[in-house]
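First up is the structure itself, then whatever we jot down about it.
The values are calculated or read from the model by the stated rules, or taken from the named source; none is laboratory data. Nothing here was measured: the structure is a model prediction, and the numbers come from that model. Please note: Cβ atoms are built from the backbone with ideal geometry, for glycine as well, and neighbour counts cover all protein chains shown.
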Amino acid sequence: MKKNIRPDGKAKVTGKMKYLTDLSFPHMLYGKILRSPYPHARILSISTDEAQRLPGVQAVITHKDVPALNGFGIVTPDQPVLCKDIVRYVGDAVAAVAADSIEIAARALELIGIQYEPLPVLDCPEKALEETAPLLHPDGNVLHRAGFQKGDIEKEFSQCAKIVEETYQVPRQLHAYMETEGGVIVPEKNGSLTVYVGTQHGFKDQFQLARILGMPAERIRIVSSPMGGSFGGKDELNIQPYGALLALKTGKPVKIHQTRQESMRSSIKRHPMKITMKTGIDREGRLRAHQTRIVADTGAYATLGPAILDFAVEHAAGPYMIQAVDTKGISVFTNNGVSGEFRGFGGNQVTFALEGQIDRLAEAIGMDGIAVRRLNIRSKQDPGPLGQRIVETDGALDVLESAAAVYAEKKRLPLKQDTWKRTGVGMAVTMHGGGLGFGRLDPAGGRLSFKEDGKIEIAFGFEEAGQGILAVIEAITAGQLGCAKEDISIIIGDTSLVPSSGSTTASRGTSMVWHSLQRLKKPFLQKLLARAARKTGIEEKRLSVGPGGIQVNGEYKLSFQELAAGEEPIVVAAQFDFPVSPDPIDSAHFLYTYSGVVAQVEADLLTGRIRVTGLHQTTAAGPVVNEMGYIGQIEGGGVMALGYTLMEDVTMTEGHYAVENFDSYLIPGIVDVPFNLQVRAIESLPAEDHYGPRGVGEIGTVAVAPAIASAIYDAVGLRVSRLPVKPEALLQSIERSVLYES
Amino acid sequence: MQMQREQGIAFPPHLISLERIRELADIEETVDRSIRIGALTDLETCRTHSLIKRKCPVLGKAAGTIASPAVRNRGTLGGNILYGVGDAIPILLALDARLSWFCEGGIQSEPLAGFVDRKEAPEEGAILTDIIIPSPVKGRCFFHKVGRREAFIPSVVTVAMYVEVTGSNTVKMIRMAVGGGVNTPMRLKECEEMVSGKQLTDGFMSGLASRIKKESALIGDVFASADYRRTVAANLLVRELQSVL
Amino acid sequence: MKVNHQTAEKTEAMPVSFLLNGETVQLNISPVMRAVDVIRNELNQTGTKISCGIGRCGACSILLNGKLAVSCLILAYQLEDASVVTIEGLSDGKQMHPIQEAFLEEGGFQCGYCTPGMIMAAKCLLDSNPKPDQADIQKAFSGNLCRCTGYGGIVRAIQCASSK
């Protein structure tokens, strides 16, 4: 089989791809941002005179230079672009400089004099919730509360044979995209602004920047693609406002490309959460009552913190049908780094806790973990986790059975003979909602054109961050229209050229491309074939689109170039919304994907270190559009989650980062991952399903941590409730005498 | 130095490159069959050099656990030592290595331990020229580095040992060394004394483990506690001694 | 207090001459400029990427006199008389290098930002060891981080390239 080569592939493997941080322009200046050295402080004074005087400095900006709204945030603009009186975390920006070189800009930052009065630091949600705690925002330190209740929880608990209560703690994870935030902001001659900076939603950046700059949105062009990775991390604004303000002030292009340390300090991270679950099971193995309390450390500002908590609440009972559910979550402001959108969006955290509960409950009643899951897992017609109707599939059971089979097979493998190593196998399952959820603006759209040069142009407002959206667009467009890939040109990531398609988040891209084509295909082909009929004199119904041009009964008749010659372009566009449940339940999802994971580990009894030796992931997300992209998303997501489980933690002490680069913040290297990752796709959907392929950008990250945790228990009998798993914890759990008196 | 610059520490005003003095970057067997390694020998060469592979493979193994291939191509053994807490130091301590310094009055030689304790050159402006591994390496050598990741990772605990045992499991000669993180690598002299001349038995090991933990006195940080480091050091060294039996 | 990471240093420019992808370049630059900045900014060869700046990720990997090196830890003066090969120098004009083809065919990349460095590491590995086994591959790539692929596609690409 000929492998499906990505449209952006050749440029990437030859080094020719120009990322936005690779761009340079004539007379370009370099920008740098001065961020607070304190996690919480009052600004007493700001003096920029000395910096202004440094030769080569072209502009120094502070809060006084923000013309309109001094704030950003996708939903609530509560983060100051440039702080005026209070800083709330060590990434808060206070000033920025544009200079002739990076070195001069850096030197200028040192010359900016700021007097601070340090304030008490709220370095955890518990402190922030104390009655005497200083308020970080006018409405207090609670960003958001969310909950879900069904059934009589006390009554159901009273019916249980066993109840397990455990508190799970999960860390602050760094996206660690290889390309740090950056790009160039160019003031155009006509007074407009072009922003060449990666983001996951160009039109949202345009909206936010317009609000900050006091400029009409249409005078701001966002070129937002390609990106060297994002994973949710570049969804919120990062350096754009500073580049834009400096470019407007100096009238010159300004490049900002954050160093890794600057990125670590200012970027959003995955929410650390403390999740307490109390779950009851009856003698037959049925889950009867499930109580969850979530405390999320959302850091200094909101960004999408509320939606992430909502998502965690929704997924707290996962794919299981439980009589009584009582979930309450709270997202709390602190002086830690800002937590925000990250692949998995709150699902990873609760799934680790939930699957941990299932394992513990199964053991408590002496049942097999897979049997308990089988007994309680949702079936096709069951309502979704918030009681809403959802798209019916057999995904949950399918991935469970797949994982069960793989688990049994791995368990049969002979144990490795080594006195100081123990091996184990574990599994976990999950379901994950796609799209933004009910009640949230979630528009999508695309545009299909037949150009004057005979190219079929397909345009979306999506961005390529590596996930392979270009390959998906190419495959779906060619597949739906019947043309060859070579006939297509793809336009994405430029607000001046593309229609609004919504955000490149929430595993929605693939779905939305497919849904767009369903709408665009018919009118487009009608117009195309009508013209072909006119040009060839052949009846329209005998004509069809094929590779390279128009065919008659499968025989090549007219090239696309000939068809286009001397004619106006054909343009069809579609606008619609991401499908939602007919039941009006706020934030509830409608389209879900499912995952079943089996992990194998090897534990070293001398050092306490864990190695994941095998990772098998089954995903049910409808038809596979592009096999290579699909495998890449699942494998890459799995390894990102492996890092989350075993090594990744943006450690903070008293509001300061204890890690600042890849020497102390660790992501998995090639030696840390199983050499042969295994991915299985369950593509089948019910015959009546008309929702097509689902996105798989997030699902690969969700159920890996609990599967590894379960394998660790199998290997050494340690119940993991805190991530990342510390070798120390493992070592402490092992009877010492085993080692010294063999 | 570039790492320090990235962390905000400026370069010194003058830099003199010694890179092209080839004699500082070779490995040879000396007349007394010691191994002389030029201080500017890169770590990748230490890892792969035929003489080291033949006469002292454990050093090659140790070099292979430091940094990554690209960094090993540039990083030198001398640099690793002068860093003060380099991962190569414990095994070199166990091998009883010596350092040669180019001083004002000529070449000075001293045990590696001397420098490691001082963390500065024997005199201002002295240049490290050679690392000498005394011959012959006939006992059993052991090196193990534990980090927070499998590869390309700063050490949390590094242990090394050189041991000669007689037929009746009696320890004729032993040198043990530990390091890791910010801990200055050190020989475990008390432990060595405890074991030297003794017959190794299982019963002995538990006591030795406690002694290793105590003497190593490894300190912890936000990533790994002192207790963890000490326990791992003891586990690895004791386990290795057990396997000698 | 550490505030800035790229503090200005006053250094006088000096002439530096080296081979970049087979062509002689002569520059008058600060001797302590990072090689990665020389390549990216002075010579506008942006295939070599910058990510961590401390040699911990491999995105800026190049071949320096035939050996793999991270160009963020090499200073301009160290380039004098050297031969530097970057990703741009791997394919001769139109034809891609077989390693590049293998990365393309096996999905050895996604966002592509680590890819030039990965491919340089692959070249270094396969030049010296055309049939690497698992341990060889793991060792050779231990200094190159990828956040997208989970390394599966990279392993398959190397296996594919080594069978070509």
Inset, instruction - State whether the residues of segment A:162-183 include one that is among the polar types (S, T, N, Q), under 29 Å from A:VAL725 (Cα atoms) and not in a strand (DSSP E or B). - result: yes
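Here is a yes/no grid of residues against (1) closer than 30 Å to C:CYS148 by Cα; (2) surrounded by 17 or more Cβ atoms within 10 Å (Cβ to Cβ); (3) within 12 Å of chain A (Cβ to nearest Cβ):
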{"position": "C:MET14", "(1), (2), (3)": "no, no, no"}
{"position": "C:LEU20", "(1), (2), (3)": "yes, yes, no"}
{"position": "C:GLU23", "(1), (2), (3)": "no, no, no"}
{"position": "C:ASN44", "(1), (2), (3)": "yes, no, yes"}
{"position": "C:CYS57", "(1), (2), (3)": "yes, yes, yes"}
{"position": "C:LEU68", "(1), (2), (3)": "yes, yes, no"}
{"position": "C:CYS72", "(1), (2), (3)": "yes, yes, yes"}
{"position": "C:LEU79", "(1), (2), (3)": "no, yes, no"}
Legend entry - Matching residues, segment A:630-665, being facing chain C (nearest Cβ under 8 Å), over 30 Å from A:ALA41 (Cα atoms) and either modelled with pLDDT under 95 or assigned to a loop (DSSP other than H, G, I, E, B) (or both): none
Inset, instruction - Could you grab me the full set of residues in segment A:6-40 that are touching a residue at least 40 places away in the same chain (Cβ under 8 Å) and under 24 Å from the mean Cα position of the chain (by Cα)? - result: A:ARG6, A:PRO7, A:ASP8, A:MET17, A:TYR19, A:LEU20, A:THR21
Inset, instruction - From A:PRO668, A:PRO693, grab the single residue that is more than 12 Å from chain C (Cβ to nearest Cβ) and of a type outside the set (A, V, I, L, M, F, W, C). - result: A:PRO693
Legend entry - Considering residues of segment B:195-216 that are away from chain A (no Cβ under 14 Å) and at pLDDT 95 or above only, the residue nearest to B:VAL85 (Cα to Cα): B:SER216
Legend entry - Candidates B:ALA160, B:ALA177 - the one that is touching a residue at least 24 places away in the same chain (Cβ under 8 Å), over 25 Å from A:ASP418 (Cβ atoms), more than 14 Å from chain A (Cβ to nearest Cβ) and small (Gly, Ala, Ser): B:ALA177
Inset, instruction - From the list A:ALA621, A:ALA658, pick out the single residue that is without any contact (Cβ under 8 Å) to a residue 24 or more places away in the chain and either closer than 22 Å to A:ALA506 by Cβ or in contact with a strand residue (DSSP E or B) (Cβ under 7 Å, 6 or more places away or on another chain) (or both). - result: A:ALA658
Inset, instruction - Find the residue count for segment C:142-164, including only residues that are over 20 Å from A:LEU615 (Cα atoms) and within 12 Å of chain B (Cβ to nearest Cβ). - result: 2
Inset, instruction - For segment C:105-162, name all the residues that are among the basic types (Lys, Arg) and part of a helix (DSSP H, G or I). - result: C:LYS123, C:LYS139, C:ARG156
Legend entry - Conditions (1) more than 14 Å from chain B (Cβ to nearest Cβ); (2) in contact with a Lys or Arg (Cβ under 9 Å, 6 or more places away or on another chain); (3) part of a strand (DSSP E or B); number of the one not met by A:GLU602: (1)
Inset, instruction - Quickly run through segment B:169-215 and pick out the residues that are surrounded by fewer than 22 Cβ atoms within 10 Å (Cβ to Cβ), closer than 23 Å to B:ALA62 by Cβ and of a type in the set (Gly, Ala, Ser). - result: B:GLY181
Legend entry - Matching residues, segment A:122-160, being surrounded by fewer than 16 Cβ atoms within 10 Å (Cβ to Cβ), among the hydrophobic types (A, V, I, L, M, F, W, C) and assigned to a loop (DSSP other than H, G, I, E, B): A:LEU135
Inset, instruction - Identify all residues within segment B:70-88 that are touching a helix residue (DSSP H, G or I) at 6+ places or on another chain (Cβ under 6 Å) and either within 20 Å of B:ARG148 (Cα to Cα) or small (Gly, Ala, Ser) (or both); write none if there are none. - result: B:ARG72, B:GLY75, B:GLY86, B:ALA88
Inset, instruction - Within segment C:101-156, work out how many residues are at negative phi, among the small types (Gly, Ala, Ser) and surrounded by 21 or more Cβ atoms within 10 Å (Cβ to Cβ). - result: 10
Inset, instruction - Examine segment A:162-170 for a residue that is crowded, with 22+ Cβ neighbours inside 10 Å and not assigned by TED's automatic domain parsing to the domain that holds A:ILE239, and state whether such a residue exists. - result: yes
Inset, instruction - Look at segment C:54-83 and say how many of its residues are assigned to a loop (DSSP other than H, G, I, E, B), in contact (Cβ under 8 Å) with a residue 40 or more places away in the chain and over 13 Å from the mean Cα position of the chain (by Cα). - result: 3
Inset, instruction - Taking only segment A:244-275 into account, find how many residues are within 14 Å of another protein chain (Cβ to nearest Cβ) and part of a loop (DSSP other than H, G, I, E, B). - result: 4
Inset, instruction - Taking A:GLY228 as the residue in question, decide whether it is within 18 Å of A:LEU497 (Cα to Cα), within 14 Å of chain C (Cβ to nearest Cβ) and in contact with a helix residue (DSSP H, G or I) (Cβ under 9 Å, 6 or more places away or on another chain). - result: no
Legend entry - helices (runs of 4 or more DSSP H) (entirely within segment A:327-444) containing at least 3 residues that are buried (at least 24 other Cβ atoms within 10 Å of the Cβ): A:347-364, A:395-411
Legend entry - Residue among A:SER587, A:SER544, A:SER581 that is out of contact with any helix residue (DSSP H, G or I) (no Cβ under 7 Å at 6 or more places or on another chain), touching a residue at least 12 places away in the same chain (Cβ under 8 Å) and not in a strand (DSSP E or B): A:SER581
Inset, instruction - Kindly indicate whether any position in segment A:289-307 is farther than 22 Å from A:PRO125 by Cβ and in contact (Cβ under 8 Å) with a residue 12 or more places away in the chain. - result: yes
Legend entry - Residue check, A:GLY614 within 13 Å of chain C (Cβ to nearest Cβ) and in a helix (DSSP H, G or I): no
Inset, instruction - Looking for whichever is farther than 30 Å from A:ALA11 by Cβ, of a type in the set (Gly, Ala, Ser), surrounded by fewer than 24 Cβ atoms within 10 Å (Cβ to Cβ) and touching a Phe, Trp or Tyr at 6+ places or on another chain (Cβ under 7 Å) here; the options are A:ALA210, A:ALA217. Which one fits? - result: A:ALA217
Inset, instruction - Scan segment A:266-283 and give yes if some residue there is touching a strand residue (DSSP E or B) at 6+ places or on another chain (Cβ under 9 Å), without any contact (Cβ under 8 Å) to a residue 60 or more places away in the chain and of a type outside the set (Phe, Trp, Tyr), otherwise no. - result: no
Legend entry - helices (runs of 4 or more DSSP H) contained entirely in segment A:676-742, each with at least 3 residues that are more than 30 Å from the chain's Cα centre (by Cα) and modelled with pLDDT under 95: A:727-733, A:737-740
Legend entry - Qualifying residue in segment A:59-69 (condition: surrounded by 18 or more Cβ atoms within 10 Å (Cβ to Cβ), in contact with a Cys (Cβ under 8 Å, 6 or more places away or on another chain) and more than 14 Å from chain C (Cβ to nearest Cβ)): no
